[in-house]
1. Accessible surface of Arg3 in the full protein assembly, 1.4 angstrom probe, to the nearest 10 Å²?
2. 7 Å from Cα along Cα→Cβ at both Lys75 and Ser116: what's the point-to-point distance in nm?
3. I need to check one value: relative contact order of the chain, counting alpha carbon pairs closer than 8 Å and at least 6 residues apart, in percent.
4. Please give the Cα centre distance for the stretch 1-21 versus the stretch 44-116, rounded to the nearest Å.
5. Per residue of the stretch 40-57, in order, report the coupling 6.51 cos²θ - 1.76 cosθ + 1.60 (Karplus, θ = phi - 60°) as ³J(HN,Hα) in whole Hz, putting x for Gly and Pro.
6. Can you tell me the Rg and the Dmax, both Å, for the Cα atoms in the chain?
Amino acid sequence: QVRLVESGGGLVPAGGSLRLSCAASGMISNLNVRAWYRQAPGKQRELVAAITDGGTTIPADSVKGRFTISRDNAKNTIYLQMNSLKPEDTGVYYCNALNVAANSYWGQGTQVTVSS
């Protein structure tokens, strides 16, 4: 079984920083922990940033230059460093993984709240 656990969320003032972590465990030998998504109240879940097997990062336009996605293969973990946070960044942040059979996995999310 695959388990993804997000952590690092919290309440931060505008302009502040947070670092999110997503740790993968279980049947992860062929698992690609690939992306961070977020969902604000009343809105659809949206892609924040993705990272390829080769380490290429693909941030959304709304976070480019402020957020950085990275991977630590030894820890089976991806991270999202968030700087210069804005109130519109508020939402529940989820990590996503795919396995070789094209099954998709999600964690339960971590809440990020940016005050104005």
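The values are calculated or read from the model by the stated rules, or taken from the named source; none is laboratory data. Just so it is clear, the model here is predicted, and its values are computed rather than measured. Here Cβ is always computed from backbone atoms with ideal geometry, including for glycine, and neighbour counts include all displayed protein chains. Protein only, heavy atoms only, side chains kept; ligands, DNA and RNA dropped before computing areas. Shrake-Rupley method; radii C 1.70, N 1.55, O 1.52, S 1.80 Å.
1. The value for Arg3 is about 150 Å².
2. Once both label points are built, they end up 3.5 nm from each other.
3. Working: 283 pairs, mean separation 41.9, N = 116.
The value is 36 percent.
4. Taking the Cα centre of each part, the stretch 1-21 and the stretch 44-116 sit 9 Å apart.
5. Result, ordered by residue: 8, x, x, 10, 6, 5, 10, 6, 9, 6, 10, 9, 7, 4, x, x, 5, 9 Hz.
6. 13.5, 43
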